[in-house]
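K.L.:
Would you mind keeping the following structure in view while I ask a few things?
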Amino acid sequence: MKIKLNKKEIDWIERTADIETARLFQSFNHILGVYKEADSSSKALLHKQIDELVELYDFLRILRSKLELWDCRYDIDTEINTKDKEKR
C-alpha cells in the first residue's frame, strides 16, 4: 500500500494531533477533579479512562514525532510504502 502526503496534509495531521492532545489534557484534568470525590466503583471506571488517555497521549506523541521526522527527511509529495499486515 502506498500513502502519498503533501506538505499541507502533513501539517493538517500535526495540527489535528495537537488539538486532540489539548482535548486529552482537558479530559484528564476533569477526570482528576471527579476522581477525588468518587466512590471505589467509580474510581475503577475513572482509572480505566485515565489508562486510555495515557495510551492516546502516547500514540499522539509518537505520531507527531514521526510526522516531524518524515517532514524533515523527505520532499513534498513523497510516497510512504507500507506493507499489509494481513496475510492472505
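We did not get these values from a lab; they are worked out from the coordinates using the rules stated. As the structure is a prediction and not an experimental result, all values here were calculated from the model.
K.L.:
Just to check I understand the Karplus step: with θ = phi - 60° and J = 6.51 cos²θ - 1.76 cosθ + 1.60, what whole-Hz values come out for segment 63-69, glycine and proline as x?
P.N.:
3J(HN,Hα) across segment 63-69, in whole Hz: 4, 4, 4, 5, 5, 5, 5.
K.L.:
State which entries of 7/66; 36/66; 8/66 exceed 25 angstrom in Cα-Cα distance in the structure shown.
P.N.:
Among 7/66; 36/66; 8/66, the Cα-Cα distance tops 25 Å for 36/66.
K.L.:
Based on the Kirkwood radius over alpha-carbon pairs, what is the Stokes-Einstein translational diffusion coefficient of segment 1-59 at 37 °C with 0.692 mPa s viscosity, in µm²/s?
P.N.:
Value of D from the Cα-based Kirkwood radius: 245 µm²/s.
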